[in-house]
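Trainee: Pasting in a structure now, in structure tokens, and then I'll have a few things to ask.
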Amino acid sequence: MSSTSSSNEEFLMQVLDIINSEALESENEAKSSNTRRYIDRKHEATHVHLITDYFVEGCKYSDENFKRRFRMRRRVFFRIMEDILNYRKDPLPEYFRYFHLRVDARGKLSISTYLKITAALRQLAYGNTPDLFDEYLQMSEQTCRESLMNFCKCIIDLYKDEYMREPTTDDIKRLYEAHEDLHGLPGMMESIDCMHWA
């Protein structure tokens, strides 16, 4: 083998090494720019803040504020939360387990049940996007979305037999009578024209 061909091979090897090292550098940069940035949201402090705002004796916001913001009374909120946490089925579906407090692989406590249910209810009440509640509830968009999806599955399992069934003839009769007593308008079941009366 001549010395020129050997020096050409060495040169080509050096060029290949440079190209490979540059490719590795750009690949590492791409990987580092695609990684999610961790935000320490201080879930424990947010939980305490939410509890003192809405759920303790002498809380910051009144019953009227609670009803307006959650679109339900406190006792209904507590009933739903207790029903989710006390649901018993073997094996327990993952969407119920989602609301139980757990410790993650880092030894950190999961987001509280209050925060997850509040995130789901606020999305349902206001029809807003999941990322809107990050500032007050300190929850990521993905966690808010998961809370809503799991909450809806829980509600269906818990209440479908009682509240999501077809109304009976007696149910319809009672609704007609209640509507007529309240608004003075008989026979307005499912009438879009009279929705403003409800």
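Read-outs throughout are calculated quantities, based only on the coordinates presented, and are distinct from any laboratory measurement. All values derive from a computational prediction rather than experimental measurement. As a convention, Cβ positions derive from the backbone with ideal geometry for all residues, glycine included, and neighbour counts pool all protein chains shown.
Trainee: Quick one: net charge around Leu158, please, counting Lys, Arg +1 and Asp, Glu -1 for every other residue with C-beta under 15 Å from its C-beta.
Mentor: On the way: positive: Arg79, Arg88, Lys89, Arg97, Lys153, Lys160, Arg165; negative: Glu82, Asp83, Asp157, Asp161, Glu162.
Taking every Cβ under 15 Å from that of Leu158, the sum is +2.
Trainee: Still on this structure: For a Förster distance of 30 Å, can you work out the FRET efficiency between the beta-carbons of Arg88 and Glu166, rounded to the nearest 0.05? All intermediate terms of the calculation are to be shown ahead of the outcome.
Mentor: Working: r = 27 Å, r/R0 = 0.90.
Plugging the Cβ-Cβ distance into 1/(1 + (r/R0)^6) gives 0.65.
Trainee: Lys173: net charge of surrounding residues, Cβ under 13 Å, Lys/Arg +1, Asp/Glu -1, itself excluded?
Mentor: On the way: positive: Arg174; negative: Asp170, Asp171, Glu177, Glu180, Asp181.
Its environment carries a net charge of -4.
Trainee: Tell me, what is the Rg over Rh of segment 43-164, with Rh the Kirkwood radius over Cα pairs? Working shown, then result.
Mentor: Details: Rg = 14.3 Å, Rh = 15.0 Å.
Ratio of gyration radius to Kirkwood radius for segment 43-164: 0.95.
Trainee: Among Leu148, Gly127, Phe77, which residue has its Cα positioned farthest towards the positive end of the charge dipole of segment 43-164, with +1 placed on the Cβ of Lys and Arg, -1 on the Cβ of Asp and Glu, and the dipole taken about the Cα centre?
Mentor: Phe77
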